[in-house]
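Colleague: Could you have a look at this structure, given as C-alpha cells, before my questions?
The values are calculated or read from the model by the stated rules, or taken from the named source; none is laboratory data. Everything quoted here is computed from the prediction, not taken from an experiment. Cβ coordinates were reconstructed from backbone atoms using ideal geometry, including for glycine residues, and neighbour counts include every protein chain displayed. Surface accessibility is based on the protein's heavy atoms, side chains included, excluding ligands, DNA and RNA. Shrake-Rupley method; radii C 1.70, N 1.55, O 1.52, S 1.80 Å.
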Amino acid sequence: DQQVKQNSPSLSVQEGRISILNCDYTNSMFDYFLWYKKYPAEGPTFLISISSIKDKNEDGRFTVFLNKSAKHLSLHIVPSQPGDSAVYFCAAIRSGAGSYQLTFGKGTKLSVIP
Amino acid sequence: KAGVTQTPRYLIKTRGQQVTLSCSPISGHRSVSWYQQTPGQGLQFLFEYFSETQRNKGNFPGRFSGRQFSNSRSEMNVSTLELGDSALYLCASSPNSPYEQYFGPGTRLTVT
C-alpha cells in the first residue's frame, strides 16, 4: 500500500514558466513533508519542507503548499530553469513516532526545456 | 565538511552470493539510515542506526541486515542475493534530526 503517491511520472515545462509537482498521501499520521531533488548518479538533496501546522512554505523560487484536508501537497517552481531538470521526490514523516523513516513517493521527472 | 560517502559505488554480484556495502556519515552525525531505490518501488526505507543500535526497521526480509560502528560508520549486508535485489542503495546521515537527512551518492548493485 503506497502511502505517498506522485501520480505524474514525468513533467515537461518551458524555461521561465511555472512547474507544479503534486503529491498525495494517505496516512493522516504524517505531520512533516519534504521535497528532495535527485540528479543522475547523485543522492537526493533536500529542497524544501513543510510542517503540518502550516499551509505554505517559501524559499526563493520554490514554494510548497499543503492541503491537509485533501492530504495533498504541491511544489511550485517559479520561474523554472534548465538546471531544475531532475527527479523530484516527495517524502513524509511521522515526527511524533521518533522515527527517522522517510516514506517517499516514486518521484516525478521534471524536464525544463530551454 | 565532507559529505556522506559510500563504497563501493558500483558492484556486480551473482545470485546466491552475499554483499557488504559501506557508508561513512558526515562528521558528527550519529544517525545513519539506509534506503533501497528501484524503478518499480521507488525509495524504500531499510533501517536506521543511532549510536550502534538499530532504532527503526522497514519491511525487508532478514537477508538484509546492518550494523554501525563506534565511529558512526555503517555497513549493510545482504545475504543470498536475488535478482530482485538489484538496486541503488542509498545511505543518509543525520545529526539527530529526522528532518535533516543528507544522502550519499549510493551504491549501484547489480545481481546476475
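Colleague: Of all residues in the range A:36-70, which are crowded, with 18+ Cβ neighbours inside 10 Å and outside any strand (DSSP E or B)?
Modeller: A:43, A:44
Colleague: For residue A:46, work out the one condition from (1) of a type in the set (A, V, I, L, M, F, W, C); (2) more than 20 Å from residue B:42 (Cβ to Cβ); (3) at pLDDT below 95 it doesn't fulfil.
Modeller: Single failed check for residue A:46: (2).
Colleague: Of everything in the range A:29-87, what is polar (S, T, N, Q) and within 14 Å of chain B (Cβ to nearest Cβ)? Give them in sequence order.
Modeller: A:45, A:49, A:51, A:52, A:57
Colleague: Here are the criteria: (1) away from chain A (no Cβ under 13 Å); (2) among the acidic types (Asp, Glu); (3) closer than 21 Å to residue A:36 by Cβ. Tell me which single one residue B:82 does not satisfy.
Modeller: Only one criterion in (1) away from chain A (no Cβ under 13 Å); (2) among the acidic types (Asp, Glu); (3) closer than 21 Å to residue A:36 by Cβ is unmet by residue B:82, namely (3).
Colleague: Residue B:30 passes all but one of (1) in contact with a Leu (Cβ under 7 Å, 6 or more places away or on another chain); (2) within 14 Å of chain A (Cβ to nearest Cβ); (3) charged (D, E, K, R); which number fails?
Modeller: Just one mismatch for residue B:30, condition (1).
Colleague: A further question follows. Looking only at strands (runs of 3 or more DSSP E) that lie completely in the range B:1-105, which have at least 3 residues being open to solvent by less than 10 Å² (accessible area, probe 1.4 Å)?
Modeller: So the answer is B:19-24, B:31-38, B:42-50, B:74-78, B:87-94.
Colleague: Of everything in the range A:102-114, what is assigned to a loop (DSSP other than H, G, I, E, B) and either within 11 Å of chain B (Cβ to nearest Cβ) or closer than 16 Å to residue A:34 by Cβ (or both)? Give them in sequence order.
Modeller: Within the range A:102-114, A:102, A:105, A:106, A:107 meet the criteria.
Colleague: Here's something else I'd like to know. Output yes when any residue across the range A:88-101 is more than 10 Å from chain B (Cβ to nearest Cβ), of a type in the set (A, V, I, L, M), assigned to a strand (DSSP E or B) and without any contact (Cβ under 8 Å) to a residue 60 or more places away in the chain, and no when none is.
Modeller: There is no residue in the range A:88-101 that is more than 10 Å from chain B (Cβ to nearest Cβ), of a type in the set (A, V, I, L, M), assigned to a strand (DSSP E or B) and without any contact (Cβ under 8 Å) to a residue 60 or more places away in the chain.
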